[in-house]
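Since the structure comes first, as structure tokens, the remarks are kept for the end.
Just so it is clear, none of the values below were taken in a lab; they were calculated from the coordinates. What you see is a predicted model, and the numbers here were worked out from it, not measured in a lab. A quick note on method: Cβ atoms are made from the backbone with ideal geometry, for glycine too, and the neighbour counts reach across all protein chains shown.
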Amino acid sequence: MPQYWGTLLDLFEQSPGRKIEAGLARNITHQLMTAIAYIHTRQIVHHDIKPSNIMLTDEGIVKLGDFGIAARVGTGLMSTGTIGYAAPECLLGCRLSTFQQDTWSTACVVVEMILGRALFAGDTILAVLSDILSFTGHDGGEVLSVKVQCVDSGDIPTSWSACASDAAHRLSDMAPDAASLVQSMLRLLPNRRPHLAQLLREPYFSPAPFPARLSPRQL
């Protein structure tokens, strides 16, 4: 049995400014995306990727935990997930599991590692959706093509006002290769988000060699 050091959330809380050093963040991101890409080959969508569900062993290996609301791709979902990390289509009431939902959540975690703060930190579904559309930009009108109802918050509008994207400003403190990676993962339309296995070939991961696991001294 592996011995667990703690969670990624624990690492945030002991890091200055909650920021993870750039090389360490790259290593964790690579391990995390590799793990999620693997479960996707088994046709499983995790659906609740967030710092408290990402565990680190004493040997520096990243483990993905809490599969409580995981589902087979293409089947129904039991929950929206954690709203600050949930894909916009889930917040709008989509209950069909897709790999792209995990792509979105993973990007939120990567941004939080590098910037030291959650990208979408609203307390309600409406607040988070508004924040997401400010980030992605929106031409106005429907975000999705169906009217949905959210059990917790009543009717959630599917038609929203037009707004420009402020992503470049929000990610301005990130290295260009990191910002490019997460922007490709945080596209508003699910079918425009790449699969995680594809993203492992992105320039962000090209500084090599870097270890396949973390050094215990880094934890």
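For the range 4-188, the C-alpha radius of gyration divided by 2.2 N^0.38 Å, with N the number of residues, is 1.01.
Here the label points at residue 95 and residue 200, each 7 Å from Cα along the C-beta direction, are separated by 3.4 nm in the simple model. When the chain is modelled as a GNM with alpha-carbon springs shorter than 10 Å, which of 163, 90, 108 fluctuates the most? Looking only at 163, 90, 108, the largest GNM fluctuation is found for 163. When the chain is treated as a GNM with alpha-carbon contacts under 10 Å, the residue of 187, 201, 26 showing the greatest mean-square fluctuation is 201.
Residues whose amide H falls under 5 Å from that of residue 6, counting only those 5 or more places apart or on a different chain, are 56, with hydrogens built in the peptide plane.
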